[in-house]
Amino acid sequence: MTGAQIAANALEGIRHGERKRLAAQLFNGFMYGAIGLAFLALVALIGQTAVKGLPGLSLQFFTNFPSRINPSTSGAQSAIVGTVYLTLLTAVFVIPVGIATALYLEEYADKTRWWNRLIEVNIQNLAAVPSVVYGILGLAFIVRGPLGIGPVLLAGGLTLGLLVLPVVIIVARESIRAVPPSIRDGALALGATKWQTVSRQVLPSARAGIVTGVILSLSRAIGETAPLLVIGAASSPRFNPSGLNDAFTALPIQIFTWTQDPNPQFVDQAATASIVLLLILLGMNGIAIVLRNRYEQRW
Amino acid sequence: MGSRSFSATVTNRGGELSSLDESLPEPTGAEVLPGESVRTSEVMSSLDHHEKGIPTSDAGLGMTIFDCQDVEVFYGSHQAIRDVSLSFGLREVTALIGPSGCGKSTFLRCLNRMNDLIPGAKVGGHVIYHGQDLYAPEIDPVQVRKRIGMVFQKPNPFPKSIYDNVAFGPRVVGMEGDMDEIVERALVRGALWEEVKDRLDENAFGMSGGQQQRLCIARALATDPDVLLMDEPCSALDPISTGRIEDLMSELKERISIVIVTHNMQQAARVSDKTAFFNVELAADEKSRTGVVVEYDATETIFTNPSDKRTEDYVTGKFG
Ligand SMILES: Nc1ncnc2c1ncn2[C@@H]1O[C@H](COP(=O)(O)OP(=O)(O)OP(=O)(O)O)[C@@H](O)[C@H]1O
Ligand SMILES: [Mg+2]
């Protein structure tokens, strides 16, 4: 075999690769096209919202209550305050319950028992249930039915809490599971009790992941419209909720109400409120990213 | 290096034999009568404060700290070890050697009830510690682990500062006294103080593997344990770090008893007074493999004049 033949043999495989590369390039092109399309749609949406909504973004928008008659004096104070209260309430409800459930399932539950497996499967399924169903649940059990507290702020918080609870549990469990067993062994071998091990080593090590997950879940709750509509949030109230037992509204509800208005100036107000909602979401996700980058434990 | 530990072995052995002759080990330091039902915490508290309770002189040498009788462990239906009867001398280093999977770690975990944490693990037989059966119903495993420290194969520092790593044990067991002093004393005993005294606030994950392992030893020493169980503590370390830890062990031996699992024959020969050779035995049906103790003797005897052919083959590197 001559040197040229050897080279030709060796190169054959390489030339063969050219066809494959073409296929890969086509696929790459397709993927970029898909991403581009999605991105374009997003830009168009945000662009349109900005064009319509930005002119209305003034201090007055934050300090005035929604008006039914006069768009120029209308604002979203009750909706913004309602959203903040709702978020805090949801957090107060979901953080202890979610973390305690995750700890039980990861650290204490005997997975060979059928009821623990049943709980697990159920939580996975609940996370996939459409939000409107939680609204119906809230309406039947919290607003009316056993609790019967009416369409008040507390009912909104509890309903949104139920909605995000499965997600919080799943995220918290993942963070707890990421703590290596050797950390638990190390603590237990030093004479720590199970609870000391969990509360002083496992939970602090999983903290960053849990906090990030909770914030992301809450930002999902903030954007939810359907369950609040179903349980009967107020539309355009000219007052802030003064307590847990007061009527309330939230930004998505206010946006929805405004988009239904025949007056196009109110529709523009919906765009302004959307910008405010987007900024809140961006802020929360930003905080989550910063927290994760700064405190995430690498093993 | 070998001669140093061998000479120590010979001096220890005379005393050791005499105590092995006694059917029941005398409780040391503690005012515990054999047969009396005692809560571990009482045994423990009477053993607190080594400085006072157990002097670092030769007193107590030759006494038995652990007397294991017919210990067996099942993982589900699989029997991992059976008929392990070994006794360990006070302030001696005992090495457990043997091929992979013969149950050395399993046995070691029986000594501080770490096997309790493995779902499906069942321990049978008796592990008598200072005259008290650690598997008696009235014994609280958490209290056992306070007295019997453990160092793992892979360094497992907590993702916290060096200081907090060492202080964790004393905090959870509620040790009295100045925490700074407790931490310093533990780090000095762990031969790490000089290297880390200026960076106690730094995260332990920033240390080298060898330093991390010495931190884990210091951490285990912080609660003043009576015994240190070490499961291949040097297998992830370079020779220099290994040498440091071996030196450390011979210092620690002045005050505490050590049981070490190792795959390194030279290490066993260098650091230990007595050596137990474990091996796997096939059951009659040739399916299940169970670990047993083949031979247990002074380290020198195991390595130079073993009485069992399998021991000889193993220590000379013919198998395993
Ligand atoms: N957690 C566990 N669950 C089930 N079986 C186990 C468990 N740990 C160990 N075993 C089994 O018990 C036997 C002894 O294992 P062990 O880890 O004690 O051996 P070893 O002598 O320490 O081995 P090595 O030298 O590789 O560390 C093995 O057959 C192993 O598969
Ligand atoms: Mg092992």
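The values are calculated or read from the model by the stated rules, or taken from the named source; none is laboratory data. Only a predicted model underlies this, so the values are computations on that prediction, with no experimental measurement involved. Glycine also receives a Cβ, built like all others from the backbone with ideal geometry; neighbour counts cover every protein chain displayed. To get the accessible areas, we keep the full protein, side chains included, count just its heavy atoms, and leave off ligands, DNA and RNA. Shrake-Rupley method; radii C 1.70, N 1.55, O 1.52, S 1.80 Å.
Tabulated values for the structure
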quantity: Selection from the stretch B:207-223 of residues that are within 11 Å of chain A (Cβ to nearest Cβ) and outside any helix (DSSP H, G or I); calculated: B:222, B:223
quantity: Condition broken by residue B:102, with the remaining ones in (1) within 14 Å of ligand 1 (Cβ to nearest atom); (2) within 11 Å of chain A (Cβ to nearest Cβ); (3) in contact with a strand residue (DSSP E or B) (Cβ under 9 Å, 6 or more places away or on another chain) satisfied; calculated: (2)
quantity: Among (1) out of contact with any helix residue (DSSP H, G or I) (no Cβ under 7 Å at 6 or more places or on another chain); (2) more than 16 Å from ligand 1 (Cβ to nearest atom) - the single one residue B:166 does not satisfy; calculated: (1)
quantity: 3 or more residues more than 14 Å from every other protein chain (Cβ to nearest Cβ) and farther than 30 Å from residue A:86 by Cβ: qualifying helices (runs of 4 or more DSSP H) within the stretch A:174-225; calculated: none
quantity: In the stretch B:117-130, residue nearest to residue A:192 (Cα to Cα) [restricted to those that are within 12 Å of ligand 1 (Cβ to nearest atom) and touching a residue at least 12 places away in the same chain (Cβ under 8 Å)]; calculated: B:118
quantity: Residue in the stretch B:228-244 that is within 16 Å of ligand 2 (Cβ to nearest atom) and of a type in the set (D, E, K, R) present; calculated: yes
quantity: Number of positions in the stretch B:107-132 that are more than 14 Å from every other protein chain (Cβ to nearest Cβ) and either in a helix (DSSP H, G or I) or not small (Gly, Ala, Ser) (or both); calculated: 9
quantity: Per-region count, the stretch B:76-104, residues of a type in the set (S, T, N, Q), open to solvent by 10 Å² or more (accessible area, probe 1.4 Å) and either farther than 19 Å from residue B:319 by Cα or touching a helix residue (DSSP H, G or I) at 6+ places or on another chain (Cβ under 7 Å) (or both); calculated: 4
quantity: Any hit, the stretch A:148-156, residues being open to solvent by 50 Å² or more (accessible area, probe 1.4 Å), farther than 23 Å from residue A:213 by Cβ and touching a strand residue (DSSP E or B) at 6+ places or on another chain (Cβ under 9 Å); calculated: no
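Yes/no matrix, rows are residues, columns are (1) modelled with pLDDT under 95; (2) buried (at least 18 other Cβ atoms within 10 Å of the Cβ); (3) more than 8 Å from ligand 1 (Cβ to nearest atom); (4) under 21 Å from residue B:228 (Cα atoms):
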| position | (1), (2), (3), (4) |
| --- | --- |
| B:63 | yes, yes, yes, yes |
| B:71 | no, yes, yes, yes |
| B:107 | no, yes, no, yes |
| B:111 | no, yes, yes, yes |
| B:132 | yes, yes, yes, yes |
